[in-house]
Each structure stands twice: as structure tokens, then as C-alpha cells.
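Student: First the structure, then my questions, so here it is.
The values are calculated or read from the model by the stated rules, or taken from the named source; none is laboratory data. Here the structure is a predicted model, which is why all the values come from computation and not from measurement. Because the Cβ atoms are built from the backbone with ideal geometry, glycine has one as well, and the counts that use them run over all protein chains shown. Calculation scope for accessible area: heavy atoms of the full protein, side chains included, ligands and nucleic acids excluded. Shrake-Rupley method; radii C 1.70, N 1.55, O 1.52, S 1.80 Å.
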Amino acid sequence: MRNSGFRVVMAAVAVALFVCSCINVDHTLGSMYVPANQDISVKVTEIPLPVCMDMADSIQTNLGASAVFGAINTPMCGRFYAESAFSITPTYDSLVIGGEPVFKEMVAILSIEGNQSLTEDQAVIPQNIYAYQLNVKLDSSLIYNNSITPDKYGTKSILKENVVYTGGDEIKLYLTEDFARPILNMTFQQLDSAELFMEKFYGIVIKTDDVEELDLGGRLNRINLAYSYMTLTYTSTNSAGIRRDTTVEFSLGAYYSVCRYESSTQEYAQADPSEALYYEGFCGVKPKIKAREIKDAIRGWADKNNIELSRMLLTKASVVFPFEYAGDGEIYKAYPSNLFPCKRYRDTSGRVTFCPIEEIADADMDHGELNLSLFHYKSDASIYIQKLLRTDDRDLTYLDDIWMMGTYSTTEGSFLDYKNYSMGVINGTGAERHPYLRFTYSLLLD
């Protein structure tokens, strides 16, 4: 286990990375102003959360305009590896190749929107870049971190020459004629339809060398597919019988992109992590709370206090995950900026994906921000707890469990953070400041 001396470990990692027992408190609000026969007591209680740790496998990694690749090795989490696959489609329709096309050059320009590394010197380490053609069509069934396995792409490089990346805003890949040739042989209908084009010409995989188990360091790179593209230059004969050079452009990931992630934090998964809770972003280990166990904890508290749950009106509920100050503020640069309850949801096609619980949409609620004043993550979960208490035990499934996962917000809404790698140590269930559920309630009169 890596958890021995984890504070020392995290101190080393974070500088690198960027570069309660049960408490019952009763409050009576404004009772002096309310007639005695109408007095309603609003009460607050805190109960320990039953938390385990589990691997967030089969997470969705179709990240829209982003794709992550690279490898990193940290003292706490060990090796994390990523590679990305994305579709190739003509940028413009009505593409006409011309007669007797002769290949001249094909170039892919990858726009890099960000990197993550252990130390400043790791930010510029050389990484060999590899590219291979997929042998399957990307579609909506391939959305998970384990969807793209090595057998789904070829072993022959499609690069014309070796490429070494040392950081920076762009990677340029010169591609082979063998890779480009099928495009020059396509019909007008295939070139005019993205769907038909993808049936004939599969996408590509971008990857780099893995890190050695004993070598700390590495770098993760994030491609901005919205600003990445591919060009093909060739000579052909036009309708007037004139030979001329033509350059056409292709979009990368405009229809599909998906990342493959591998984590080595499986050893942290356990049923009762009393000492510490570990968090790793992407597909790594996460704090998890089983719905049945939360409900049992609330029911146990109610029985102990002679409270009928049917008479309890829940007005607010929050899950709180404390952590301790480790003596160096730089450590928290490695922590997720938000840690919020998420559930698995099954869509109409039967696919199961992670999404934040619905409280994420309410701007007035706590969204699990990293709080370095109180040293905790606090997330509102009122709607979730209310629904949980109303759900029959026989109807509860693994889809009702909540996972604490990193999130981020944009003008378009809040989403799971599958773009930024993060890690952190949170107090375990046996700590003095352990994870707890805090809720406010009133008891309805008979």
C-alpha cells in the first residue's frame, strides 16, 4: 500500500504537480414571535457518512472538443496513462478530387490547449508521439475509458517521420501516402457525406511512451480538437484537363472522439477506509457512498432519537468531506477544485454514464468547492436525500449510489471534469473530522 506517510507523499507530489461522532444540535428559530400552538422547531443534525472507495471504471471520455494523451507517475497514485482516438471527416462538403490524383503531402496539426506535469522541468521533457489508424469505426457505442483497446487500431505507424514533442502549443504530424491513399480513391458520394466517409476511412489514435514504474514524472497533454485539423495536398486533372495542385482540409474529432485511460489506484479500493480517503481524477479511485447505507444511517439516527421518518420534513442536506492542513499550501494545487456527488444514469439506449446530481444546476447551493479556510468540501444534496428517503428499499440499485467526483462549470452548465488530472487525500471514516451528512429538518405535528 502507498498510504503510509501519505502526508509526506502528498507534499512531494503537489509541489510537483503544478508546479465526528454523531452531533445533535437543536435550534428554535424565532420562537418568541410565534404563537405557542403554531411553534415549529427547525433542527440540525450531523451523522457520520458511510464511505467506501471504489474505482470509477467505465467512465465516459467522449470529451467533445478535447482529447487527452500522455503518461504520468506520482508517489501516491502511481502510473496514469492516456491516449486519444478521434474521427477524421472532410471540413467542407461537395469535395471533388479530380482525375488521376497523385499524393504530395498530408499533415495533421494538433492544437495543444494545456499540459500537466510533475515539476517545471517535466513540462519540457521530450515525448515520442505515435499515431495509428483505427480498424473500427468510431460511434456512440465507444464512449468509455476502456472502449478503445489496442486491438482496435493497427500496429503500423502512419507517421512519415519520428515526432518528438517537448511542450508548446502545437504538434505537427507528417502522414504517409499509404494512410492518405484511400481518400484519393473515394467516390463523390463518400466525400460528400461524413457518415459514408467514416465508413470508408476510420479515425486515428494518438499516444506517447508509457512511464516506467519506478520513474516519477511524465506529462499529460490536452488537444483542442476544435482548432486541430488535417490537410491533404495532391495533384490532379480538373474538368478543363489542366493539372494543378489542390489542398483540402479535414476536421479532427468533429463527430467522435474518445480517450483511453488506465489507472493503478485499484489497491486503494476498500469497504471501510478509516485512515484516509484517496481521490484520483479520471478513472481513478473515488470516495463512494452506497444509497442503502446512507438510508440505513439516517434510519438508525431516527430510531435512536425516537423520530418517525414519515413525520420528518427535510429542508436542507449537505455532504461534507474534511481534510487536514498538511503544512504546505502548494499541496492543494493538486486537489480537485470541486468535489461533488455524482450518480450513474442509464439513458434510453441503455448506456450508463456518470453525471452530477441535479443540485449542480442551482447556483444558490454549495457545489463542493475546495475550501481552504474550513479545509473541507461541502456539497448540497437536499433533493437527492429527499428522494432517497421516499424510495422503497427494494427499488434501490447501484444507480442510486453517489460518487464524489471533480466538476467544472462553464456558461453552458456544470460537467464532470474529464480534462484535468487531480489527486488528493481526504479524512477517512475513522478520523476525528470524518465525512458527515448534515441536514436541517422539522417534525410535522400529528
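Student: For region 193-305, what relative contact order do you get, as a whole percent, if you take Cα pairs closer than 8 Å and at least 6 residues apart?
Tutor: RCO, region 193-305: 14 percent.
Student: Next question. Taking the Cα centre as origin and putting +1 on Lys and Arg beta-carbons and -1 on Asp and Glu beta-carbons, what dipole magnitude results for the chain, to the nearest 20 debye?
Tutor: 440 debye
Student: With unit charges on the beta carbons (Lys and Arg positive, Asp and Glu negative) and the dipole taken about the Cα centre of the chain, which residue among Thr237, Leu388, Gly300 sits farthest to the positive side?
Tutor: Comparing the listed Cα positions along the dipole, Thr237 ranks first.
Student: In whole percent, what relative contact order does region 101-197 give with Cα contacts below 8 Å and a gap of six or more residues?
Tutor: Relative contact order comes out at 40 percent.
Student: Can you run phi through the Karplus equation (6.51, -1.76, 1.60; θ = phi - 60°) for region 417-428 and list ³J(HN,Hα) in whole Hz, with x for Gly and Pro?
Tutor: Result, ordered by residue: 8, 9, 9, 10, 6, 8, 7, x, 10, 10, 4, x Hz.
Student: Here are some values of P(r) over Cα pairs in 20 Å bins from 0, in percent: [x] 20, 36, 17, 15, 10, 2, 0; [y] 23, 53, 21, 3; [z] 23, 46, 24, 7, 1. Which one was computed from this structure?
Tutor: The calculated read-out lines up with [z].
Student: Additional query: Which of the peptides 375-388, 68-81, 139-152 is most tightly packed, and how do the rest follow, going by the mean number of other Cβ atoms within 10 Å of each residue?
Tutor: Peptide ranking by packing, descending: 68-81, 375-388, 139-152.
Student: Please calculate the 1.4 Å probe accessible area of Ser239, with all protein chains present, and give it to the nearest 10 Å².
Tutor: 130 Å²
Student: May I ask you to order 291-297, 208-214 by the average number of other C-beta atoms within 10 Å around their residues, highest value first?
Tutor: My ranking of the peptides, most packed first, is 291-297, 208-214.
Student: Now, a different point. Report the extension gain between Val352 and Asp57 in nm, rounded to one decimal, defined as 0.36 nm multiplied by the number of residues separating them, less their alpha carbon distance.
Tutor: Extra length from Val352 to Asp57 when fully extended: 105.1 nm.
Student: Could you tell me whether region 374-434 comes out rounded, prolate or oblate from its Cα gyration tensor? Rule is a ≥ b ≥ c as square roots of the eigenvalues, rounded for a/c under 1.5, then prolate if a/b exceeds b/c, otherwise oblate.
Tutor: Note, shape of region 374-434 comes out oblate.
Student: With an 8 Å cut-off on Cα pairs and a minimum separation of 6 or more residues, tell me the relative contact order of region 303-439 in percent. Don't skip to the answer; put the middle values down first.
Tutor: Values: 210 pairs, mean separation 51.7, N = 137.
Here the relative contact order equals 38 percent.
Student: For the ranges 333-341, 260-268, 157-165, what's the packing order if you count other beta-carbon atoms within 10 Å of each residue, average per peptide, and put the highest first?
Tutor: 333-341, 260-268, 157-165
Student: Note down the nm distance, to one decimal, between modelled labels 7 Å out along Cα→Cβ at Glu308 and at Phe188.
Tutor: 7.9 nm
Student: If you don't mind, another one. How long is the gain from Lys172 to Thr149 if the chain were fully straight, where each residue apart is worth 0.36 nm and the alpha carbon distance is subtracted?
Tutor: Numbers: separation 23, 0.36 × 23 = 8.28 nm, distance 2.49 nm.
Answer, rounded to one decimal: 5.8 nm.
Student: Another question about this same structure. Return, ordered by residue number, the residues of region 262-287 whose backbone nitrogen is under 12 Å from a label point located 7 Å along Cα→Cβ of Thr391.
Tutor: Backbone N within reach: none found.
Student: To continue, here is another question. Just to check, using Stokes-Einstein with a Kirkwood Rh over alpha carbon pairs, what's the diffusion coefficient of region 107-212 at 10 °C and 1.306 mPa s in µm²/s?
Tutor: 100 µm²/s
Student: Something else about it: Name the long-range amide H neighbours of Ile143: under 5 Å, sequence gap of 5 or more, or other chain; modelled H, no Pro or chain starts.
Tutor: Those lying under 5 Å, H to H, from Ile143: there are none.
Student: For region 338-446, state which GluC sites (Glu not before Pro) are in a DSSP loop and have at most 10 other beta carbons lying within 10 Å of their beta carbon.
Tutor: Passing both the DSSP loop test and the Cβ count: Glu412, Glu432.
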